[in-house]
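Derivation of every value follows stated rules applied to the coordinates shown; laboratory data play no part. From a predicted model like this one, the values you see are computed outputs, not experimental measurements. For neighbour counting, all protein chains shown are included, and Cβ atoms are generated from backbone atoms with ideal geometry for every residue, glycine included.
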Amino acid sequence: MTDKAFWQGKKVLITGHTGFKGAWLCIWLNYLGANLTGYALGPPTQPSLFEICRLERQVRSLTGDIRNQALLEKTMQEVRPEIVLHLAAQSLVRESYLNPVDTYEVNVIGSAALFEAVRKCSSIRAVVNVTTDKCYLNREWPWGYRENDILGGFDPYSSSKACAELVTDAFRNSFFNPGEYHLHGVAIASARAGNVIGGGDWARDRLIPDCVRALSREEKAVIRNPGAARPWQHVLEPLGGYLKLARKLYEHGPCFGEAWNFGPEDRDAKPVEWVVQRFCAKWGPDASYEADEKNSLPEAGCLKLDCSKARARLDWYPRWDLDQAIGKVVEWTLAYRAGADPGELCLRQIREYSSGR
């Protein structure tokens, strides 16, 4: 699926590398032989996948705020990356209700700061800005959104990510125009992924981490919005998409410089309660859950992605269905709790995913 020959020695800058998705991406790219630099604040959770896998030994890790324009520019001039994968974000819907201004600053101003730094760094050939499936104006349709559907957002997080998409498009047209690619040599794309799950996620107010915490304490898992359907997928699914997209941008330039959806099969857009039922069944006979009757913050009831473009043009498609993905999370978590090395657990699943197992 991923070509070691391409990634071997490639200079890659990952923003947000200390987060859950960023850590998995670092492990994968290190396995492929890339020359990695990460730029982020400290790990957002305790424990954190980045720390327990000792990734500071595998990645040149720089501490910095994505809004710090001067430091971003200095970092890029020193690192001279060829490929930039932008994952740094405030990524929680409920947190965006508590701190909306901070959410907009990180997700919108942070994206603009990144692109401005890219504009001043001549070594860069490809940039992938990771946003979210929630950037679409959600009309509660039973079918998937396509990349040319209207952007929007009811909550501050979703709205901020729609704004980040607009920033991406504005910089692409203003400073990295495809028609002038022969002059600037930079191709930019955005990636919109569904709800990711995977081992080593300890974020607050996220379904699977909340279940892991509760079941580890031998308590009932408490769920919000049991009927809400989401495009659930294992974290390796969109990460594989980002890697394929980055390579296409590097090799073919602006032909792939646009927005891309990376989501599961339509049948895997399951309600919250279905996901928790399967998770509890795989965890063990004593695992159980209950609904939170006090939940007051509005969230989307139904959200799906149409990924036919990624299938047709990137040859990207989901490899693990939702039941498999849930099983991989439980397998990783129980093995880690039993004392297994977390980095080796991640590498094992990356190899399994890459080989189609």
Cα convex hull of region 107-210: mean projected area in nm², to one decimal?
8.4
Please report the antiparallel percentage of DSSP beta bridges with both residues in region 17-176, rounded to the nearest 5.
10
In degrees rounded to 10, the 0-90 angle between helix 69-79 Cα long axis and the longest Cα principal axis of the chain is 80
Could you pull out every residue, at least 5 positions away or on a different chain, whose amide H is within less than 5 Å of the one on TRP260? Hs are placed 1.01 Å off N in the peptide plane, and Pro or chain starts have none.
SER190, ALA191, ARG192
Once phi for every residue in region 154-165 is put through the Karplus expression 6.51 cos²θ - 1.76 cosθ + 1.60 (θ = phi - 60°), the whole-Hz ³J(HN,Hα) values, with Gly and Pro written as x, are 7, 9, x, 4, 4, 4, 5, 6, 5, 5, 4, 5
Mean-square fluctuation check for the chain, GNM, Cα pairs under 10 Å: which of PRO226, PRO238, PRO142 is largest?
PRO142
Tell me whether the chain comes out rounded, prolate or oblate; compute the Cα gyration tensor, take square roots of the eigenvalues as a ≥ b ≥ c, and use a/c under 1.5 as the rounded threshold.
prolate
For the pair VAL222 and ARG313, how long in nm is the line joining their label points, each one 7 Å along Cα→Cβ?
4.5
The chain - percent relative contact order, Cα under 8 Å, separation 6 or more:
18
So which trypsin sites (Lys or Arg not before Pro) in region 253-356 pass both tests, a DSSP loop state and at most 15 other Cβ atoms within 10 Å of the Cβ?
LYS294
Restricted to the chain, the DSSP antiparallel beta bridge percent, nearest 5, is 10
Please go through the residue pairs LYS10/LYS248; LYS134/LYS220; LYS248/LYS328; LYS270/LYS304; LYS161/LYS248; LYS10/LYS244 and name each one whose alpha carbons sit more than 21 Å apart in this structure.
LYS134/LYS220; LYS248/LYS328; LYS161/LYS248
Please state the shape class of region 18-120: rounded when a/c is under 1.5, otherwise prolate if a/b exceeds b/c and oblate if not, all from the C-alpha gyration tensor.
oblate
Can you tell me the length gained on complete extension of the stretch GLU140 to GLU51, counting 0.36 nm per residue apart and subtracting the Cα distance?
28.2 nm
Fewest-first sequence of SER96, SER354, SER48, SER288 by Cβ atoms within 10 Å of each Cβ:
SER288, SER354, SER48, SER96
So if the hydrodynamic radius of region 243-357 is defined as the Kirkwood radius over C-alpha pairs, what does Stokes-Einstein give as its diffusion coefficient at 20 °C and 1.002 mPa s, in µm² per second?
124
Ascending count of other beta-carbon atoms within 10 Å, so fewest first, for GLU165, GLU331:
GLU331, GLU165
Measuring from the longest principal axis of the C-alpha atoms of the chain, the long axis of helix 110-119 (C-alpha) lies at a number of degrees, nearest 10, equal to 30
If I build a Gaussian network model for the chain, linking alpha-carbon pairs within less than 10 angstrom, which residue out of LEU183, LEU249, LEU151 has the largest mean-square fluctuation?
LEU183
To the nearest 10 degrees, the tilt of helix 236-252 (Cα long axis) against the first principal axis of the alpha carbons of the chain is 10
1/(1 + (r/R0)^6) with r = Cβ-Cβ of ARG351 and THR63, R0 = 35 Å, i.e. FRET efficiency to nearest 0.05, evaluates to 0.70
So if we plug the beta-carbon distance of PHE154 and LEU334 into 1/(1 + (r/R0)^6) with R0 = 56 Å, what FRET efficiency do we get, rounded to 0.05?
0.95
Tell me, what is the percent relative contact order of region 224-279, built from C-alpha pairs under 8 Å that lie six or more residues apart?
61
Using DSSP to define loop residues, name the chymotrypsin sites (Phe, Trp or Tyr not before Pro) in region 121-153 whose beta-carbon has at most 13 other beta-carbon atoms within 10 Å.
TRP143
Dipole magnitude (debye, nearest 20) for the chain, charges at Cβ of Lys, Arg, Asp, Glu
860
Region 38-110: trypsin sites (Lys or Arg not before Pro) falling in loop per DSSP and having at most 15 other Cβ within 10 Å
ARG54
Would you look at the GNM of the chain, springs on alpha carbons closer than 10 Å, and say which of ILE197, ILE188, ILE223 moves the most?
ILE223
